[in-house]
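What follows is a short report on a single structure.
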Amino acid sequence: MDRPNYITPAGYSALRQEYEQLFATERPALVETIAWAAGNGDRSENGDYIYGRKRLREIDRRLGWLSKRMKAAKVVDPAAQEDRSRVWFGACVTIVDEEDRERTLTLVGDDEADAGAGRVGWNSPFARALRGAGVGDVRRVDLPAGEREYEVLAIRYPD
């Protein structure tokens, strides 16, 4: 990876929890089902065996990806941010666009981003444009629908 994988403690915990669930629970149960299905004879028409092998490959790929992401993770606690007057990782930012529509965004790690819930990834166009901004600053964001301007109304960090 060419850049650090910043992530909040909660985001890292979610990755770790998913890894543990797949590795300790789902994968062993699936291996047991595959072994049972393999013992039933002809594997070429055995749906349990074929689906089980396919699902096992999916789980192993996901475990590999999760392992790489956790190794590259740099856990940053937003509550420990020293400069709370500017937008940095973990900030909860209230912005307003040219049509006076307010939005509240939280800058989180790319692995924990969920635009529908207002959590934008640290490397997204919004986050890149807002980095280092203070209250009252106007920033331009290149979006698929075109360039828009946003003013920063408020910046909060968790306690």
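Coordinate-derived values only; no laboratory data. Quick caveat: nothing in here was measured; it's all calculated off a predicted structure.
Some observations on this one:
- Structure-derived P(r) over Cα pairs in 10 Å bins from 0, in percent - corresponding label in [x] 11, 41, 40, 9, 0; [y] 10, 30, 23, 16, 12, 7, 2, 0; [z] 10, 36, 31, 17, 6, 1: [y]
- Only helices enter this figure: runs of n ≥ 4 DSSP H residues, each worth -39500 (n - 2.57), summed and divided by the residues of the chain, yield -11500 deg cm²/dmol at 222 nm to the nearest 500.
- Relative to the current alpha-carbon distance between residue 104 and residue 14, full extension at 0.36 nm per residue lengthens the span by 30.1 nm.
- Relative contact order of the stretch 5-75, defined on C-alpha pairs under 8 angstrom at six or more residues apart (%): 55
- Counting 0.36 nm for each residue step from residue 56 to residue 142 and taking away their Cα separation leaves a gain of 26.9 nm.
- Along its first, second and third principal axes, ordered by size, the stretch 5-75 spans 49, 17, 13 Å in Cα coordinates.
- Across the chain, the mean sequence separation of Cα contacts (distance under 8 Å, 6 or more residues apart), normalised by length, yields a relative contact order of 24 percent.
- Where N is the number of residues in the stretch 78-156, Cα Rg divided by 2.2 N^0.38 Å: 1.00
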